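Student: Here's a structure for you.
The values are calculated or read from the model by the stated rules, or taken from the named source; none is laboratory data. Bear in mind that the values here come from a model prediction, so they are computed numbers and not experimental data. Positions of Cβ are generated from backbone atoms using ideal geometry, with glycine treated the same way; all protein chains shown enter the neighbour counts. SASA here: full protein model, heavy atoms, side chains in, ligands and nucleic acids out. Shrake-Rupley method; radii C 1.70, N 1.55, O 1.52, S 1.80 Å.
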Amino acid sequence: MQTQLARDLGLEFPIFAFSHCRDVVAAVTRAGGMGVLGALYFTPEELEIELNWIDEHCDGKPYGVDLVMPAKVQLPEGVKADDLEGQLEDMITQEHRDFVEKVLAEYDVPPLPDDVQRGHHLLGWTDATARPQIDVALQYSPALLVNALGPPPKDVVDTAHEHGIKVAALASSPRHARKHVDNGVDIVVAQGTEAGGHTGEISSVVLWPQVIEEIAPTPVLAAGGIAHGSQIAAALAMGAQGAWTGSIWLTVAESDLMPLALEKLLEADSTQTVRSRALTGKPARQLRTAWTDAWERPDSPGYLPMPLQFMLVADANARITRSGNRDLAGFPVGQVVGMMDHVQPAKDVVRQLVEEYIEAVERLEKLNN
Ligand SMILES: Cc1cc2nc3c(=O)[nH]c(=O)nc-3n(C[C@H](O)[C@H](O)[C@H](O)COP(=O)(O)O)c2cc1C
């Protein structure tokens, strides 16, 4: 598996693991792959704590940081992140708030107790909120800075390069991939529709070779639907320089997932996900639930644009989680959820992927003899 990119990044295996959980990130990096921390849910102060911890637990091996700077979020000019949240809250209609309450009432989900701290709902989904996260990331020594949802701003790419950090970006079409490369991105993660979280419409096996051809010789990581080493062999056979994975790390022993979500992921098969705007306003693959179905009903007011939809539903999600309601509780995950049926340490997942990769390559070699 020693692709050129693996050598350039100093990796034993070009297996990249996206996770919001620092324990998973460090475990994959220590096992020879690259853990990449999803920074979205952290304030700059929290991110500093996480990166400090990761720096100390990676044995000097390379890790990455993933930020979300969507290209298309239009925000009032000159508004600072601190004032932004209140102004955006005012843009959420009463009709939408009433619909959320109606669905929760239908399932007897109680309100949050007064002593429960409300989350910070705007998250790093805007240029204004993601930039302080970048400033924090640059104080540490990630080998890779990754951006989801659009090309990272050119000045961010340049600053990362000045710090000796490579920049990657997710793409769900050859056109997106081309834009990234034109913006100076070093690596493109070609993510097929099977993937968990925000995702496009083209399936991995159709997308990967198109992106590889479009931006050659820029390295491409194959993402979306990878849960078995033979799929990594297929991706490398197409010319990818590595595999970028997300869903499979949700059910590893180090994962901090809530028990109900873990249980539902282990039980679900590959038909039980849906690409829905219910969580963030942009299509994101997640478990299909009574909650995602409700947003498609005739009485639904429709989805709000990002970042308003998440601000609208964040408390509702917290209430659903606290109530333990099985019908409504969901989680972002890809179609590989059907291949995730037991919990094991992250290092065992890495080893298994490598073994399955070797078996697949040997199968092919036999065909040539
Ligand atoms: C729970 C979850 C949250 C995700 N959040 C992000 C994110 O914040 N930023 C990002 O770049 N990708 C995010 N992704 C997508 C992953 O980076 C990755 O591309 C995807 O999981 C790959 O497909 P797979 O789920 O089939 O492995 C998320 C994926 C999951 C499952």
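Every residue, every condition in (1) out of contact with any strand residue (DSSP E or B) (no Cβ under 6 Å at 6 or more places or on another chain); (2) over 26 Å from L40 (Cα atoms); (3) in a helix (DSSP H, G or I); (4) hydrophobic (A, V, I, L, M, F, W, C), yes or no:
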position: Q309; (1), (2), (3), (4): yes, no, yes, no
position: A316; (1), (2), (3), (4): yes, no, yes, yes
position: A360; (1), (2), (3), (4): yes, yes, yes, yes
position: L364; (1), (2), (3), (4): yes, yes, yes, yes
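Student: Further question on the same structure: Restricting the search to the range 252-268, which residues are surrounded by fewer than 22 Cβ atoms within 10 Å (Cβ to Cβ) and over 15 Å from G330 (Cβ atoms)?
Tutor: A253, E254, S255, D256
Student: Working only within the range 137-147, note down all residues that are open to solvent by 10 Å² or more (accessible area, probe 1.4 Å) and part of a helix (DSSP H, G or I).
Tutor: Hits for the range 137-147 are L138, Q139.
Student: Step by step: first the residues of the range 23-41, then only those that are within 14 Å of the chain's Cα centre (by Cα) and open to solvent by 10 Å² or more (accessible area, probe 1.4 Å), then the one that is nearest to the ligand (Cβ to nearest atom). Which residue is that?
Tutor: L40
Student: List the number of the failed condition for W249; all other conditions in (1) touching a residue at least 60 places away in the same chain (Cβ under 8 Å); (2) open to solvent by less than 10 Å² (accessible area, probe 1.4 Å); (3) more than 13 Å from M340 (Cβ to Cβ) hold.
Tutor: Answer for W249: the failing condition is (3).
Student: Something else: Give me the pairs: first residue in the range 308-328 and under 18 Å from K102 (Cβ atoms) and free of Cβ contacts under 8 Å to residues at least 40 places away in the same chain, second residue among the small types (G, A, S) and not in a helix (DSSP H, G or I), beta-carbon distance under 6 Å, and six or more apart or on different chains, which are they?
Tutor: Q309/G281
Student: How about the range 230-254: which of its residues are in a loop (DSSP other than H, G, I, E, B) and either aliphatic (A, V, I, L, M) or within 13 Å of the ligand (Cβ to nearest atom) (or both)?
Tutor: Matches in the range 230-254: A240, G246, A253.
Student: Would you check if there is a residue in the range 281-302 being aromatic (F, W, Y), surrounded by fewer than 21 Cβ atoms within 10 Å (Cβ to Cβ) and not in a helix (DSSP H, G or I)?
Tutor: yes
Student: Right, next: With the checklist (1) more than 16 Å from the ligand (Cβ to nearest atom); (2) among the aromatic types (F, W, Y); (3) more than 27 Å from E89 (Cα to Cα) in hand, flag the one item Y303 doesn't pass.
Tutor: Single failed check for Y303: (3).
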